[in-house]
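The values are calculated or read from the model by the stated rules, or taken from the named source; none is laboratory data. In this text, all values refer to a predicted model and were calculated from it rather than measured experimentally. Using ideal geometry, Cβ is built from the backbone for each residue, glycine included, and neighbour counts are taken over all protein chains shown. When the accessible area is computed, the model is the full protein with side chains, heavy atoms only, and any ligands, DNA or RNA have been set aside. Shrake-Rupley method; radii C 1.70, N 1.55, O 1.52, S 1.80 Å.
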Amino acid sequence: MAHDYFDAMYADDSDPWRFDTSWYERRKYQIALSLLPRQRYRRALEPGCSIGSFTELLATRCDELVAFDFHEPSVVNARDRLADAPQVHVRHETFPGFWPEGTGDLVVWSEVAYYLNTRGASRAIAGLQNWLEPGGDLLAVHYTGATNYPRPGAEIATWLDSVGWLERTVECIDPSFEAGVWTRSA
Ligand SMILES: C[S@@+](CC[C@H](N)C(=O)[O-])C[C@H]1O[C@@H](n2cnc3c(N)ncnc32)[C@H](O)[C@@H]1O
């Protein structure tokens, strides 16, 4: 989805989705964290991190976490928030083109995969295949109500289920969102 859409969303408000203050978002973060099968992850990747609200919580479970967003002011805010967390690296990068060198055992797509068009979705799966280690987890969390985004949130689980080397190992279906973990076959 175009950069302009997000520039407009953030124009007058650094937290237009109320990530830091709404009970809905805070509860969703806690549910998503509790779905992660492993107590700790060695190296995680979080595209579309915004101002770092979920990043801050994820950081408590990761030895290293690379988080990024293409909205630069949000990257600055996320870096400020995480200044005391040396294991977190916040980058100004674009999904699905950016995959840090090396591999990792956790990828988190929280409210970001539904912005992908068909080509972007193919690139995201190809990048994931290169980056996520065998046995590693993909956590996907998306609002399932109506939106004007390219990919309905309610279709993301079915899309990920269609990837042969991913197996859905955990799921939570809430009236407003779906959260699940897909584990890469060894
Ligand atoms: C709805 S917010 C989700 C924030 C965070 N993942 C969470 O769940 O709290 C979507 C964020 O993804 C970012 N974003 C959208 N498309 C992106 C892309 N192609 N590359 C990088 N960031 C993107 C937006 O700038 C925005 O900050």
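Hey, what number do you get for the chain at 222 nm if only DSSP H runs of n ≥ 4 count, each worth -39500 (n - 2.57), divided across all residues, to the nearest 500?
The helix-only estimate for the chain comes to -9000 deg cm²/dmol at 222 nm.
Roughly how many Å is it from the Cα centre of the stretch 155-172 to that of the stretch 58-126, as a whole number? Rounded to whole Å, the Cα centres lie 20 Å apart. The heavy atoms of TYR24 offer some 70 square angstrom of accessible surface to a 1.4 angstrom probe.
Note that the stretch 149-165 has calculated 3J(HN,Hα) couplings of 7, x, 10, x, x, 5, 9, 5, 4, 5, 4, 5, 4, 7, 7, x, 9 Hz, one per residue in order, obtained from phi through the Karplus relation 6.51 cos²θ - 1.76 cosθ + 1.60 (θ = phi - 60°); glycine and proline are x. Comparing GLU93, GLU111, GLU155 in a Gaussian network model of the chain where C-alpha atoms under 10 Å apart are linked, the largest mean-square fluctuation is found at GLU155. For ARG123, the accessible area of its heavy atoms, probed at 1.4 Å with every protein chain present, is near 100 square angstrom.
Note on the stretch 108-176: along the principal axes its Cα atoms extend 34, 27, 18 Å, ordered by decreasing extent.
Fully extending the segment from SER162 to TYR24 would add 46.8 nm, taking 0.36 nm per residue of separation and subtracting the current Cα-Cα distance.
Stokes-Einstein diffusion coefficient for the chain at 10 °C in a medium of 1.306 mPa s, Rh from the Kirkwood formula over Cα pairs: what value in µm²/s? Show your work: numbers first, answer last.
Numbers: Rh = 16.4 Å.
Here the translational diffusion coefficient equals 97 µm²/s.
Applying 1/(1 + (r/R0)^6) with r as the Cβ-Cβ distance of ARG42 and ALA146 and R0 = 25 angstrom yields a FRET efficiency of 0.10.
Taking label points 7 Å from Cα along the Cα-to-Cβ direction, THR60 and THR94 give a separation of 3.5 nm. When +1 charges are put on Lys and Arg Cβ atoms and -1 charges on Asp and Glu Cβ atoms, the dipole computed for the chain relative to its Cα centre reaches about 480 debye. In this view, the solvent-accessible surface of SER162, computed with a 1.4 Å probe and all protein chains in place, comes to about 90 Å². In this structure the amide hydrogen of GLY136, modeled in the peptide plane, comes within under 5 Å of the amide hydrogens of ARG184, none closer than 5 places in sequence on its chain. For the chain, set up a GNM with springs between Cα atoms under 10 Å and report which of THR147, THR60, THR169 has the largest fluctuation. For the chain, modelled as a Gaussian network with Cα springs under 10 Å, the answer is THR147.
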